[in-house]
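These notes concern the structure reproduced below.
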Amino acid sequence: MLSDVCGRKLNTYLPDYVVFDLETTGTSCYSDAVVEISALKVKGGSVVDEFTTLVNPKRHIPGFVVGIHGISDDMVKDSPCFREALSDFLEFAGDEVFVGHNIQSFDLKFLYRDAQNYWGKTIGNDYIDTLSFARKVLKGLDHYRLSDLADYYDIPIIGAHRALNDCRMNQQVFEHLAKELGGQPQICPRCGSSLIRRNGRFGEFWGCLNFPDCKFTRDAKK
């Protein structure tokens, strides 16, 4: 949804959300453009609808980038521009919380930039970044790329680097991460993030995912 202020980053699990992903002409949110945007709408932890479209970036897609996601100039030549695609995506998403992998540092920057350019607004949906979420929930992994997390949970990675396939993979990863929270997620009464079971000097306890910013704890026996 368009807004005067950007949405907040959340560190919790919610059963209703929209997971989305972009493919682009490169990695710079200052000079590159979107070539594909896809999303899944999730209710009660299950996918209920999907959105996907290629986007004509009005520029050449470099060959090395085509080698990553497989989207060529010829594939997007008759596709809508991003103004139309972004408008359709925002209508699809409504005011749902966004979920995505590394969206804080990458995908959202493209959305914020272009919403400002097109309409003089930003995007106010709160969001959960599964990259930082996984780092808090799963301690000690060597890598936290989406493909690494999918491999950790035995989720097929066929079709990776196309936006809709990455959304499907990310949605399954997010649901698996939710289970790591110990059944029905408990919410921190101080900051609203999720609590997760941890082991300490005096046994198990519930700790806030926002640690060290939030140091709330609760005895696991309570």
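Observations, loosely collected:
- Subtracting the Cα-Cα distance of R59 and K121 from 0.36 nm times their residue separation leaves 19.9 nm of extension gain.
- Karplus 3J(HN,Hα) series, Hz, for the stretch 124-138 with 6.51 cos²θ - 1.76 cosθ + 1.60 (x for Gly, Pro): x, 5, 5, 8, 10, 9, 6, 5, 5, 4, 5, 5, 7, 7, 10
- In the chain, the longest principal axis of the Cα atoms and the axis of helix 82-93 are about 30 degrees apart.
- Only one of (1) 16.5, 50; (2) 17.8, 60; (3) 18.4, 63 was calculated from the structure for Rg and Dmax of the Cα atoms in Å, and its label is (3).
- Built amide H within the under 5 Å cut-off of S3, gap 5+: T122, I123, G124
- Close amide H contacts of S194 (hydrogens built in the peptide plane, cut-off under 5 Å, sequence separation of 5 or more or a different chain): N11, T12, Y13, C188, L209.
- Taking each residue as 0.36 nm, the span from S87 to S31 lengthens on full extension beyond its C-alpha to C-alpha distance by 18.1 nm.
- Extension gain for K77 to K179 (0.36 nm times residue separation, less C-alpha to C-alpha distance): 32.5 nm.
- Spacing of the two label points (7 Å from each Cα toward its C-beta) at D148 and C214, in nm: 2.6
- A Cβ-based charge dipole, computed about the Cα centre of the chain with Lys and Arg at +1 and Asp and Glu at -1, lands at about 1200 debye.
Every read-out reported here was derived from the displayed coordinates using simple, explicitly stated rules and does not represent laboratory data. Treat the numbers as computed from the prediction; the structure is a model and nothing was measured. Backbone-built Cβ (ideal geometry, glycine too); neighbour counts: all protein chains shown.
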